[in-house]
Amino acid sequence: MYQAPRGTADILPVEQPYWRYVERAIEEITRRYGYRRIDTPVFEETGLFRRSAGDYTDIVQKEMYTFEDRGGVSLTLKPEGTPAVCRAYLEHGMHNLPPPVKLYYISPIFRYDRPQAGRYRQHHQFGAEAIGSADPALDAEVIDMAWQFYRLLGLSGLTLELNSIGCKTCRPGYLAALKDYYCAHVARLCADCKARFEKNPLRLLDCKEPSCQEIADNAPRGLEHLCPDCSAHFAALQKYLAVLGIPATLNHRLVRGLDYYTRTVFEFQPSFEGRQSTIGGGGRYDDLIVELGGRPTPACGFATGIERIIINLKRQGLELPPPPAPAVFIAFIGEAAKEAAVRLAGELRREGIPAALGFGERSLKGRMREADASGARYAVIIGDEELAGGTVTLRDMRSATQEKVPAAALIPRLRRDIPA
Ligand code: HAM
C-alpha cells in the first residue's frame with residue numbers, strides 16, 4: 001500500500017479546525033497591519049532560490065527539491081517564500097506602488113530535511129514581507145505583527161530573540177574578526193563548520209554541535225562590529241520595540257540560515273524545546289531585490305511554520321470542536337419514498353440546511369443507526385404512510401421524540417430550530 005511520502009502529512013478532517021483557526025487569525029492580523037495577500041507558484045526557476053538564499057546555505061546545498069522539467073528548465077519547489085514574493089514584486093512593477101508594499105502569503109514549503117517531530121519535508125508557512133522602507137520602525141512593526149499574531153492565537157511563553165548582523169559596510173570587518181578568532185579552533189570544529197569556516201563564517205555561530213557551540217559562545221560579537229548607521233538602526237529598533245511593549249532578548253549567535261539578511265534578524269522560540277523548534281523568524285534583507293535585478297529596495301519580513309504553531313497550541317491544551325455534523329439525516333423506506341428523499345435533500349441544501357441522505361437499501365433500524373452515527377440533530381423519515389399523507393416524520397435525535405409534520409411545513413420548522 002502506498003503511504004504519504006516521508007516527511008509529509010495528510011491534514012485530516014479532524015485536524016482542519018486547527019488550520020481554520022490559524023487561518024482566521026492570519027486574516028485578522030494581516031487586516032490590522034495592512035498586508036495584502038499574494039500567492040506565488042509552488043515552483044520557481046532554481047536560480048531564484050540559489051541567488052537569494054546563498055550557495056553555501058543548508059537550504060541550497062542539501063534541502064532543495066530541484067528537477068528538470070520536460071523542456072530542460074531547472075525548477076525548484078519553494079524552499080521558502082521570500083524570493084518568490086520579491087520576484088513577483090519586480091515582475092509586476094510593484095515598486096510603482098507607495099512603499100512599503102506589504103504582502104503576505106500562506107504557502108506550502110518544501111525542504112529535504114531529516115524528518116522528526118515538528119520538522120517536515122513539506123510544511124506550511126504564513127509569511128509577510130514589507131518592501132520599500134529602511135526605517136527601523138518597520139522592523140518593529142513586522143516583529144510586533146508576529147508577536148500580536150501569536151497572542152491572538154493564545155500561544156504563550158514565547159521568547160523573541162534579536163540580533164543585528166550589519167550590512168555590506170560593516171560585515172566584512174566582522175567576518176575577518178570571526179575568522180581570526182576561529183583560526184585557533186579549526187581543528188576542534190565539526191566537519192560542517194570546517195566548511196563554513198571557508199565558505200560562510202557567519203554560520204559558524206549557529207552550529208548545533210555542543211563542542212562548536214562552546215567555541216561560538218566566546219566568538220567576537222557582531223553588535224560590537226556594527227558601523228555607526230547599523231548601530232543607530234539597531235538602537236532605534238530596540239527603542240520602538242520597548243515603546244510597543246515587546247521584550248526582546250539579544251542573542252549574539254542568532255544569524256539565521258539564509259544569506260540575504262542584513263541588519264535585523266529575529267526568531268521566536270517556544271519555552272520548552274531545543275532550537276529546531278523555532279516557531280517563526282525573519283529579518284531585514286536590504287540587498288535581496290538588487291541581487292534579483294531590481295533597484296536598491298530595503299525590505300523586512302518574517303515567516304512562521306503553521307504545523308509548529310498547531311503543535312504548540314495543542315501542547316497548551318487548545319481543543320477545537322470537530323467539523324459540524326449535518327443538521328438533518330434523511331431516511332426513506334421504499335423506492336417511491338427514495339425519490340421524495342432525494343428531492344427533499346436537494347431542497348434542504350438549496351435552503352442552506354446541511355443535510356445527509358442515506359444511500360443503498362437498509363432496514364429502518366439500520367437507517368436510524370446511520371442517522372445516529374451521522375451526529376445529525378434531526379432525522380426525517382419518509383415511508384409509504386408519510387407519502388400518502390403528504391407528511392414526513394421528524395425525529396429529534398437528542399430527545400428521541402418524533403412527530404408527523406406536513407411536508408410543506410418542514411423547512412420553516414427546521415429553519416426555526418437550526419441556526420443559519
Ligand atoms: P525560516 O526560519 O527558514 O525563514 O522558516 C520560517 C519558519 O518555518 C520556521 O521558524 C519554522 O517555524 C518553519 N519551518 C522551517 N522549516 C521547517 C520544517 N522543515 N518543518 C516544519 N516547519 C518548518 C524563512 O523561510 C524566511 N523566508 C522568513 C522570512 C520572511 N524572512 C524574511 N521574510
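We did not get these values from a lab; they are worked out from the coordinates using the rules stated. Every value quoted in this text rests on a predicted model; they were computed, and no experiment measured them. Glycine gets a Cβ as well: all are built from the backbone with ideal geometry, and neighbour counts include every protein chain shown.
Miscellaneous remarks
- Backbone phi angles across the stretch 86-92, fed through the Karplus curve with coefficients 6.51, -1.76 and 1.60 (θ = phi - 60°), yield HN-Hα couplings of 5, 4, 5, 4, 6, 4, 9 Hz in residue order; Gly and Pro are listed as x.
- Estimated from the Cβ-Cβ distance and a Förster radius of 56 angstrom, the FRET efficiency linking ARG295 and ILE411 is about 0.35.
- Between LYS179 and VAL243, the modelled labels are 4.0 nm apart [label points 7 Å from Cα along Cα→Cβ].
- Sorted ascending by nearby beta carbons within 10 Å, beginning with the fewest, HIS124, HIS92 become HIS92, HIS124.
- Anchor LYS338: lysines whose Cα lies under 23 Å away (excluding residues fewer than 8 positions away in-chain): LYS365, LYS404
- Magnitude of the charge dipole, the chain, Cβ model with Lys/Arg +1 and Asp/Glu -1, debye to 20: 340
- The chain, relative contact order [Cα under 8 Å, separation at least 6], %: 15
- Available extension along the chain between LEU318 and CYS227 is 28.2 nm, counting 0.36 nm per residue and deducting the alpha carbon span.
- Residue of VAL243, VAL265, VAL60 that the Gaussian network model of the chain assigns the largest fluctuation, springs spanning Cα pairs under 10 Å: VAL243
- Among CYS212, CYS86, CYS167, sorting on how many other beta-carbon atoms sit within 10 Å of each Cβ, with the fewest leading, yields CYS167, CYS212, CYS86.
- Positive-end extreme of charge dipole, the chain - chosen from PRO99, MET64, PRO323 (charges on Cβ): PRO323
- When the chain is treated as a Gaussian network with alpha carbon springs shorter than 10 Å, the biggest mean-square fluctuation among GLN402, GLN122, GLN213 belongs to GLN402.
- Whole-Hz Karplus values for the stretch 309-324 come out as 4, 5, 4, 5, 4, 5, 4, 7, x, 5, 10, 10, x, x, x, x Hz, taken residue by residue from phi with 6.51 cos²θ - 1.76 cosθ + 1.60 and θ = phi - 60°; glycine and proline positions read x.
- Straight-distance crosslink candidates among lysines, where the alpha carbon sits under 23 Å from LYS102 and sequence neighbours closer than 8 are dropped: LYS78, LYS239
- Taking Cα atoms only, the orientation of helix 171-183 departs from the longest principal axis of the chain by about 80 degrees.
- Cβ-derived FRET efficiency at R0 30 Å, GLU23 paired with TYR112, nearest 0.05: 0.65
- For the stretch 138-216: rounded, prolate or oblate by the Cα gyration tensor [a/c cutoff 1.5]: oblate
- Comparing ILE310, ILE289, ILE215 in a Gaussian network model of the chain where C-alpha atoms under 10 Å apart are linked, the largest mean-square fluctuation is found at ILE215.
- Residue order for LYS365, LYS208, LYS102, fewest other beta carbons within 10 angstrom first, comes to LYS365, LYS208, LYS102.
- The magnitude of the dipole of the stretch 146-276, with charges of +1 and -1 set on the Cβ of Lys/Arg and Asp/Glu and taken from the Cα centre, is near 220 debye.
- Over the residues of the chain, the helix contribution to mean residue ellipticity at 222 nm works out to -11000 deg cm²/dmol, using -39500 (n - 2.57) for each DSSP H run of at least 4.
- FRET efficiency for the LEU250 to PHE272 pair, using the beta carbon distance and R₀ = 30 Å, is estimated at 0.90.
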